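Below is one structure; the comments refer to it alone.
We did not get these values from a lab; they are worked out from the coordinates using the rules stated. Quick caveat, the model's predicted, so the values are computed rather than measured. Cβ sites come from the backbone with ideal geometry, for glycine too, and all protein chains shown count toward neighbours.
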Amino acid sequence: MKGLRKKLRKGGGTLPGRSSFWFSLVAIFLAMMTGLVSTASAAITFNSSVEYPSSGSYGDPYAITSGDFNNDGYPDIAFVEVKDHKLYVLLNNGNGTFTKVFDVKVDKKPQGIACGDLNNDGKIDIVVSRVDGDDVRTYLGNGDGTFTYKGGYAVKNAPVGVVLARLDSDSYLDLIVCNSGDKSFSVLTGKGDGTFNASVRYATNVNTPWAAAVGDFNNDGKIDVVIAHNSDDKKASVFSMMVQEFFTKVVDVFSIW
């Protein structure tokens, strides 16, 4: 359990939904292992969900992330919603329920969110993309579930999905941003003090970059990036994924119909 909590403190990224599908509620599921646990297999079921209705208080939640925002060892949640243009933070009560402790107006239609320790102070920070602002904003954690706005950074057209990862040789988190209106993604390298260098654009040559994930896909010790695209140009939506090494050549391109 301590190992799990340690991993959760590091924060994570997000996979935003499509613009035609807005979540009507945020549901928290408690995972429960059943049957005999073995190295071969284990049955996994879920208890009933605890629902936090999005109408009224929470508008239209669009993207969500999880991290230990008050350093109590429990994973908390943060999400952005596009109706009231806000960032919300809900702290874990330790029993699978959550209490809202913080919200802030972000404006310009926030659609992506990621969290991690941007300034190496042991507190989880948050990054939000604003699709109508063509930028990303950073909010530094105060260690109690509240956050302070740090700054904004221009990227390309209509940023959506964001991911934090260590892409280069330093120990600072860097930022990947999917530019849904520009056939590109941007990389902003972290300075380690909660700020980023100016964005560098990488063309994908495929419409509507929407979400990203990272990993060492070719076992060379370097972090690679996967970009998912979507397009409504045809009746059947096309989702293609592009793998690029940091970030000079395309390794593989494939489409899902």
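Report, in listed order, any pair from Lys109/Lys150; Lys156/Lys222; Lys86/Lys191; Lys83/Lys191; Lys100/Lys191; Lys83/Lys183 with a Cα-Cα distance greater than 22 Å.
In this structure, Lys156/Lys222; Lys86/Lys191; Lys83/Lys191; Lys100/Lys191; Lys83/Lys183 exceed 22 Å between Cα atoms.
Taking 0.36 nm per intervening residue step and subtracting the Cα-Cα distance, what contour gain separates Ser49 from Lys105 on full extension?
The span from Ser49 to Lys105 would gain 17.4 nm if fully extended.
Could you work out how much longer the chain between Asn197 and Asp170 gets when fully extended? Use 0.36 nm per residue separation minus the Cα distance between them, nm to one decimal.
That works out to 8.3 nm of additional length.
Roughly how big is the range 139-226's charge dipole about its Cα centre, with Cβ charges of +1 (Lys, Arg) and -1 (Asp, Glu), in debye to the nearest 20?
Computed about the Cα centre, the dipole is about 320 debye.
To the nearest 20 Debye, how big is the dipole of the range 60-218 about its Cα centre, given +1 on the beta carbon of each Lys and Arg and -1 on that of each Asp and Glu?
Dipole size: approximately 480 debye.
What's the ranking of 109-116, 222-229 by average number of surrounding C-beta atoms within 10 Å, highest first?
Packing order, densest peptide first, comes out as 109-116, 222-229.
So if I take the centroid of the Cα atoms in the range 123-199 and the same for the range 98-115, what is the distance between those two points in Å?
14
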